[in-house]
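Taking it in order: structure first as structure tokens, then the write-up.
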Amino acid sequence: MPEKAIVIGAGLGGLSAACLLAARGCRVELFEKNGSPGGKMQQIEEKGYRFDTGPSLFTMPFILEKLFKECGKDIRQYLCWRELDPLCRYFYKDGVQFDNYSDRGKTAEEIESFAPEDALAYSNFLDYSEELYDRTAGPFLFNPLYNFSDLKHLKLSDFLKIDAFSTVSEKVDSTFQSPYLRQFFKRFTTYNGSSPYQAPATLNVIPHVELNQGGYYVLDGLYQIALALQELANELGVFFHYNTPVESIAVENGRVSGLKTADGSFSPCDLLFANSDASDTILNLIPEHTIPASKKKKHKTIEPSCSGFVMLLGCRDQWDQLKHHNIFFSADYRREFSDIFERQQMPEDPTIYVANTSYTDPTHAPVNSSNLFILVNAPYVTESQDWETIRTSYSDFLINELEERGLSGLRESIEYSELITPDQFLSRYGSNKGSIYGTSSNSRFAAFLRPRNKMRGFRNLYLVGGSTHPGGGIPLVIQSAFNAMELLERE
């Protein structure tokens, strides 16, 4: 193992990589441009309200458990989590409402009340989703997919059965009769920032992760995951440099020799793991002459995932219809995604996600109050957008829309508010054009062609995080660190 490693970025990928490197005896320094760990996973506390500002659902906890175990620790000494019941409440524009559970029987009873023709299809689709997982998890998610030898885990017969040649929407529409279940299952594609009308049906694996394996909430908020990883890293001897932006990566003869920070300091290293956005790393941090022009061009033109328009509202009221997770569906899903990816504008009729963690954890809001995290999928940043204007007009629109959808008195109840818009995702985290999930999966094989966890052409440069293989979301970001470590150990 090399003597000294540097990690760029204290997102979950960088924290995970730092812990794994330190546990293997490497001296690790981590550089983070902002003042706290977590990357896009942050937490805000104001006026008695607490908000998680990043991921709001914890899935596949066994991956995080594995990380702590490999570092010689018991994760239960750091974190506690519980499964949510229901997982989520859904509201349709025509007034239909249903609760979704990990218990298929309970969900089937709900579906019988508004779409009885699809009650059996629901269970069958989750079986199909589980089969996709069984065929893809080993060969794709838990595999670096770096060399041709990595494809030995993939059976041709399995590859032909992962639905890479149809879209999520096409598969869902052929399975369900009711518009309710069709819209319900198409929403999971947004978990990696893509459109169900363009992404391959392979992404129908996502419902299995939440609905079969379970969706969880971490006590005191999901930001505790970032804090737990920081604590673990500190115990392993990782040295943190917060508020220290990286200006460039130094390369000599195909090998990273260190990095230069914005204050002009140079830090040498034997090994570098970049948790910065992959496109930002390639386009802005690595010396231009060390990367082929074709690679630069590819990353300039690659389609980013969607971004997000986020409202944090501290409200002196509670609404009985809200659970922990809530989805208010739009009336025209196809138009919504066309607005985001084709017209590159905020959707005129958006699907609105509302996390109300005070439902589960009353300490997150004052008595008889609510902490509402409101998210609408948004286009990535382009030159034609005026986010200062959009911030005001669209936030007013969303409040009006939620009041019309049943949250009466919402506007008058607000005593704290903050907005996070795509241009801020770009400026705060350096994500590609303000995207949340790196590249989109809006083409047949895009989900399988994310930047790999080791940079070709460099002997000691590794990439981790949601913009790299295998993708975004808490478990996959942590898995990217495992994949990078496997590639390092091959060396």
Per the charge dipole of the stretch 294-360 (beta-carbon charges, Lys/Arg positive, Asp/Glu negative, Cα centre), the residue among Asn326, Ser294, Gly314 reaching farthest to the positive end is Ser294
Cβ-placed point charges (K, R +1; D, E -1), dipole of the chain about Cα centre in debye, nearest 20: 1880 debye
Can you list residues whose amide H is under 5 Å from Cys88's amide H, if they're 5+ apart or on another chain and H is modeled 1.01 Å from N? Asn100
Would you please state the base-10 log of I(q)/I(0) at q = 0.06, 0.08, 0.13 1/Å for the chain, with intensities from the Debye formula using one equal scatterer on every alpha carbon? -0.26, -0.47, -1.31
May I ask you to evaluate 6.51 cos²θ - 1.76 cosθ + 1.60, the Karplus curve with θ = phi - 60°, for each residue of the stretch 104-118 and list the ³J(HN,Hα) values in order in whole Hz, giving x for glycine and proline? 4, x, 5, 5, 4, 4, 5, 5, 4, 7, 9, 8, x, 5, 10
Take the alpha-carbon centre of the stretch 398-436, take the same for the stretch 312-370, and report the distance between them in whole Å. 9 Å
Given backbone amide H placed at 1.01 Å from N, residues whose amide H is under 5 Å from that of Tyr49, ignoring those fewer than 5 places away on the same chain, are none
For Ser435, Ser178, order by how many other beta-carbon atoms lie within 10 Å, fewest first: Ser178, Ser435
List the extent of the Cα atoms of the stretch 306-436 along each of their three principal axes, largest first, rounded to whole Å. 43, 33, 24
Charges only on Cβ, +1 for Lys and Arg, -1 for Asp and Glu: so what's the dipole of the stretch 289-426 about the Cα centre, in debye to the nearest 20? 880 debye
Given the -39500 (n - 2.57) contribution per DSSP H run of 4+ residues, what per-residue ellipticity at 222 nm results for the chain, rounded to the nearest 500 deg cm²/dmol? -9000 deg cm²/dmol
For a quick check: with amide H placed at 1.01 Å from N, whose amide H comes under 5 Å from Ser248's, ignoring anything fewer than 5 positions away on the same chain? Lys260
Least to most buried among Ser369, Ser123, Ser16, by other C-beta atoms within 10 Å and fewest first, runs Ser123, Ser369, Ser16
Ascending count of other beta-carbon atoms within 10 Å, so fewest first, for His241, His364: His241, His364
Just need the relative contact order of the chain here, percent rounded to a whole number, with Cα pairs under 8 Å and 6+ apart. 23 percent
Ranked by how many other beta carbons lie within 10 Å on average, peptides 303-314, 253-264 from highest: 303-314, 253-264
Top positive-direction residue, dipole computed over the chain with Cβ charges, set Ala226, Met485, Leu126: Met485
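Out of all DSSP beta bridges in the chain, what portion is antiparallel? Express it as a percent rounded to 5. It would help to have the intermediate numbers written out before the result.
Working: 47 of 65 bridges.
Of those bridges, close to 70 percent are antiparallel.
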How large is the charge dipole for the stretch 105-214, taken about the Cα centre, if only the Cβ atoms of Lys, Arg (+1) and Asp, Glu (-1) carry charge, to the nearest 20 debye? 420 debye
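We did not get these values from a lab; they are worked out from the coordinates using the rules stated. On a predicted model such as this, the values are computed, not experimentally measured, just so you know. Neighbour counts are summed over all protein chains in view; Cβ atoms, including those assigned to glycine, are modelled from backbone coordinates with ideal geometry.
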